[in-house]
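Beneath this line is the structure, given in structure tokens, with notes to follow.
The values are calculated or read from the model by the stated rules, or taken from the named source; none is laboratory data. Here the structure is a predicted model, which is why all the values come from computation and not from measurement. Cβ atoms come from the backbone with ideal geometry, glycine included; neighbour counts cover every protein chain shown. Ligands, DNA and RNA are excluded from the accessible area calculation, which covers all protein heavy atoms including side chains. Shrake-Rupley method; radii C 1.70, N 1.55, O 1.52, S 1.80 Å.
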Amino acid sequence: MKYIKILLLSLIALSCQKPEPELAADTIIFNGSIYTMDDGNPIVEAVAVKADTFLYVGSKEGSDAFLGKETKVIDLNGQTMVPGLTEGHAHIMGVGYNLLNVDLREAKSYTEVVDMVAERAANSPEGTWITGRGWHQDKWTEKPEMTNGFPTHDLLSEAVPNHPVYLKHASGHAALANAKAMEVAGINGETPQPEGGEIFLSVSGEPTGIFNETAQRLISNEIPSATKESDEQALKLALEQCFKYGITGFHQAGSGPEHINLYKEFAERGDLKLRLYVMLNGRDQELLDEYFKNGIEEDLYNNQLTVRSVKLYADGALGSRGAWLLEEYTDAPGVHGHNVMPMDDIEEVTKRSYKAGFQVCVHAIGDRANREVLDIYERTFKLYPESAPKEPRFRIEHAQHFHPDDIPRFADMGVIPSMQAIHMASDRPWAIDRLGQQRIEWGAYMWQTLLQSGARIVNGTDAPVEPITPLASFYASVSRRTLEGSPDGGYEPSEKMTREQALRSYTLDAAYAAFREDRKGSIEVGKWADLTVLDKDIMTITEDDILNTNVTMTMIGGEVVYQN
């Protein structure tokens with residue numbers, strides 16, 4: 001009788017067990033605020049993931065239908081989940097090398113810069129090049145004596161006399177070299193000024209150490225090339241940074257063949273993981289010839305790598321007065337900035353790219369540069385309608401300052417402004433000195449005006465120009481304040497993005513700009529399971545709390561690549 005009772009209890013227990021579902025999920029995630037960026041299903045309770053895609057998106061009860069014996073269950077415990085964030089414009093090798101070289105972004109004075117370089121020199125063999133990046137004279141709290149608005153090399157050369165030193169400005173569009181570096185490069189007061197750039201000179205006619213725009217190459221060409229080992233180390237560090245900050249996709253703003261091959265090596269052995277969208281270096285004609293002949297490379301190595309766009313440069317940066325303006329700089333009469341690549345060359349590459357089916361992405365910051373690029377795009381679209389891609393989705397990278405007449409042209413032609421909101425937070429306090437009140441108000445950082453006209457904005461950081469964290473740029477997008485919180489109400493507050501617009505610029509519209517809105521950018525059934533988990537709800541918390549938000553998990557294709 002005892003054994004019969006045990007058998008009956010066992011049979012009852014078995015009958016109560018839930019049968020294994022026909023299609024069991026690998027992972028179910030629930031119990032948090034899940035923002036999907038799907039207009040038809042904007043907030044859900046749970047998602048189920050199978051392999052690398054979303055199997056189910058909806059209620060917690062509905063997800064139970066996919067719960068199997070081997071299903072991993074992740075309880076968000078009230079945290080917030082959004083589609084995986086995409087860095088819309090940055091330089092991945094620069095992110096890594098900024099960690100390997102002297103990182104000057106936090107320096108508050110020229111003296112601090114010199115001290116940091118001197119410390120590195122003290123631990124490096126004499127004659128070794130010391131390189132760094134990130135200084136910005138307009139962000140220093142203590143200003144040294146300057147020439148043409150920039151420091152001179154004297155203090156640096158005195159502190160570090162026996163190592164050639166090359167320090168790139170935060171913008172990447174100017175650099176400071178010490179006397180030893182200029183000696184190695186053979187630079188003196190008689191050196192001819194390069195086209196598209198400038199060697200800054202003192203009143204006595206001697207180089208001050210500042211090399212603007214294309215003049216930088218006079219020094220940088222003397223620096224020994226990076227080794228394969230250091231490139232691998234830099235890429236590894238950059239990937240770790242991306243995952244730590246919730247980045248699942250990355251628009252790489254210009255690469256040559258060596259780095260493209262490195263990305264492929266990482267992807268082939270499964271070490272890339274990041275969805276990397278690569279722009280070709282538009283100055284490398286041999287590289288362009290190869291790709292225009294063979295065609296785009298899309299979703300290689302299990303959807304990790306795509307090469308289908310071309311990066312070009314029309315002008316320089318606003319901080320170094322290299323941005324190309326229609327009217328002279330307010331704080332530099334007679335100066336209009338620089339056209340760093342001849343516009344005829346840009347137009348020729350644009351036409352070739354268009355006919356070959358490649359997207360074109362041109363760096364343009366000043367209103368003259370933006371107008372010239374829009375004109376080229378317009379002529380190209382009209383000239384070759386028979387060979388036009390269905391949607392070329394040409395881009396302008398940075399797109400910081402326009403003449404008001406040119407703003408509607410983005411939506412009219414389907415041109416995508418790739419704008420880094422964090423630049424407004426960092427630059428706006430001094431940008432008014434460069435442009436003046438009127439040009440700032442009617443044409444600088446015009447996010448809401450562009451969105452209302454029908455344009456799609458891609459957001460990002462331009463790292464290593466700025467730190468790679470998307471949350472700082474999200475904060476700048478919705479507050480239009482500096483990271484220190486000024487001014488109250490934000491600069492030109494009518495141009496703020498809503499939080500939904502800001503999140504879209506980091507997700508669905510970033511996917512659109514890379515021709516992949518069908519597979520990523522929102523949490524929907526059938527799309528890749530890329531997601532970012534945050535410890536605060538950035539859609540509802542106060543603006544100030546956004547900067548105190550942390551990434552707690554990053555998932556790419558169903559694989560957790562970072563967990564705090």
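Out of (1) touching a Leu at 6+ places or on another chain (Cβ under 9 Å); (2) more than 30 Å from Pro192 (Cα to Cα); (3) open to solvent by less than 50 Å² (accessible area, probe 1.4 Å), what's the single condition that is false for Asp271?
Condition not satisfied by Asp271: (3).
From the list Ile457, Ile440, which residue is in contact with a Lys or Arg (Cβ under 9 Å, 6 or more places away or on another chain), farther than 24 Å from Asp103 by Cα and either polar (S, T, N, Q) or surrounded by fewer than 20 Cβ atoms within 10 Å (Cβ to Cβ) (or both)? Lay out the reasoning, then the answer.
Values: Ile457 fails: either polar (S, T, N, Q) or surrounded by fewer than 20 Cβ atoms within 10 Å (Cβ to Cβ) (or both).
After ruling out the rest, the residue left standing is Ile440.
Among the candidates Leu305, Leu300, single out the residue that is closer than 20 Å to Ala463 by Cα and free of Cβ contacts under 8 Å to residues at least 60 places away in the same chain. Don't jump to the end; show me each part of the working.
Numbers: Leu300 fails: closer than 20 Å to Ala463 by Cα.
Only one candidate passes the filter, namely Leu305.
Looking at Ala463, Ala472, Ala513, which is the one that is under 18 Å from the mean Cα position of the chain (by Cα), open to solvent by less than 30 Å² (accessible area, probe 1.4 Å) and farther than 24 Å from Arg308 by Cβ?
Ala472
Can you say whether Thr141 is surrounded by fewer than 18 Cβ atoms within 10 Å (Cβ to Cβ), β-branched (Val, Ile, Thr) and under 30 Å from the mean Cα position of the chain (by Cα), as far as the supplied structure shows? Please lay out each step first, then the result.
Working: surrounded by fewer than 18 Cβ atoms within 10 Å (Cβ to Cβ): yes; β-branched (Val, Ile, Thr): yes; under 30 Å from the mean Cα position of the chain (by Cα): yes.
The answer is yes for Thr141.
Which numbered condition in (1) open to solvent by 10 Å² or more (accessible area, probe 1.4 Å); (2) in a helix (DSSP H, G or I) is the only one that Gly96 fails?
(1)
Which one is least open to solvent (accessible area, probe 1.4 Å), of the residues in the range 389-406 that are over 17 Å from Arg428 (Cα atoms) and out of contact with any helix residue (DSSP H, G or I) (no Cβ under 7 Å at 6 or more places or on another chain)?
If we filter the range 389-406 for residues that are over 17 Å from Arg428 (Cα atoms), which is where we start, we get 389-397, 403-406.
Checking which are out of contact with any helix residue (DSSP H, G or I) (no Cβ under 7 Å at 6 or more places or on another chain) leaves us with 389-391, 397, 405.
Details: Pro389: 36, Lys390: 198, Glu391: 82, Glu397: 0, Asp405: 105 Å².
That would be Glu397.
Please find, within the range 54-70, the residue that is nearest to Val560 (Cα to Cα) out of those that are of a type outside the set (Phe, Trp, Tyr) and crowded, with 18+ Cβ neighbours inside 10 Å. Working first, answer last.
To start, the set of residues in the range 54-70 that are of a type outside the set (Phe, Trp, Tyr) comprises 55, 57-65, 67-70.
If we keep only those that are crowded, with 18+ Cβ neighbours inside 10 Å as well, we get 55, 57, 63.
Working: Leu55: 17, Val57: 18, Ser63: 20 Å.
Among those residues, the one meeting the criterion is Leu55.
Per-residue answers, yes or no, for (1) of a type outside the set (D, E, K, R); (2) open to solvent by 10 Å² or more (accessible area, probe 1.4 Å); (3) touching a strand residue (DSSP E or B) at 6+ places or on another chain (Cβ under 8 Å):
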site: Asp231; (1), (2), (3): no, yes, no
site: Leu235; (1), (2), (3): yes, no, no
site: Gly246; (1), (2), (3): yes, no, yes
site: Phe250; (1), (2), (3): yes, no, yes
site: Gly254; (1), (2), (3): yes, yes, yes
site: Asn281; (1), (2), (3): yes, yes, yes
site: Glu297; (1), (2), (3): no, yes, yes
site: Val310; (1), (2), (3): yes, no, yes
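Residues in the range 356-384 that are over 20 Å from Leu280 (Cβ atoms) and of a type in the set (Phe, Trp, Tyr): how many?
Selection size over the range 356-384: 1.
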